[in-house]
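The values are calculated or read from the model by the stated rules, or taken from the named source; none is laboratory data. Just so we're clear, the structure is a prediction, and the values are computed from it rather than from any experiment. Neighbour counts are summed over all protein chains in view; Cβ atoms, including those assigned to glycine, are modelled from backbone coordinates with ideal geometry.
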């Protein structure tokens, strides 16, 4: 027998051991299905493959190729009632038991779906976090290993009544937003934090970079102090739910929703 949420249940009610539950030994991916396909498919697959290599996991065959991942997501979407656009969460964790030392490369996985709602309205109020810092590590680029950090960031954002919270690295460089990548525009170019600032490698941002290349908009990655962002002409966040203009960071205001470069990027992103 075991206790689950203060209820005594047979041990078989929850499949144990579970290394994802015990050690956070895995990662997850958030995928949008819309218009009959997986959005940003190459970028999702690249991040999943990279995470699997770093963690020493074998991607399950149902998720390992573009064709397989598409078919798997399509099957789940077909079983959902209602909305054709779905937000899919794919969670992977190492199979087996053991202690910290991984006993196998085999992975188990779970995919769940819910109706997708785009989130592209401007963020009226943002500020830098005062309680949370990112840290670069071999797993900082993927979703899951540092999830608690983003829980704390979301908690601070809500407590401060902000629409968005921006995170700095331990060294004081701009890293990302609480649940999205961050970027800004100045002198006709886009600037985004380097991965070494400790943020997640965003799939929407990777797609947006390709859009910028097609539009011949210069794109720079680097380690930037907060003052660099505050001196921008426009600030935005980007994730699978949308690209959001940021209108204020602290006491600094931006006409981000009216900036021609950001507007061009958003139009081209929607078109492609």
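Side notes on the structure shown:
- Here residue 172 qualifies as outside any helix (DSSP H, G or I), at positive phi and at pLDDT 95 or above.
- Unmet requirement for residue 265, which otherwise passes all of (1) within 20 Å of residue 172 (Cα to Cα); (2) in contact (Cβ under 8 Å) with a residue 40 or more places away in the chain; (3) out of contact with any strand residue (DSSP E or B) (no Cβ under 7 Å at 6 or more places or on another chain): (1)
- Summed over segment 182-198, residues that are closer than 14 Å to residue 224 by Cα and in contact (Cβ under 8 Å) with a residue 40 or more places away in the chain total 11.
- The criterion of at least 3 residues that are surrounded by fewer than 20 Cβ atoms within 10 Å (Cβ to Cβ) and at pLDDT below 95 is met, among strands (runs of 3 or more DSSP E) falling completely within segment 1-98, by 2-4, 7-9.
- Subset of segment 174-190 [more than 18 Å from residue 157 (Cβ to Cβ) and buried (at least 21 other Cβ atoms within 10 Å of the Cβ)]: 183, 184, 185, 190
- Residues that are in a loop (DSSP other than H, G, I, E, B), within 30 Å of residue 252 (Cα to Cα) and in contact with a strand residue (DSSP E or B) (Cβ under 7 Å, 6 or more places away or on another chain) do occur in segment 112-119, at least one of them.
- Looking only at segment 146-168, and only at residues there that are touching a residue at least 40 places away in the same chain (Cβ under 8 Å) and surrounded by 21 or more Cβ atoms within 10 Å (Cβ to Cβ), the one that is farthest from residue 49 (Cα to Cα): 164
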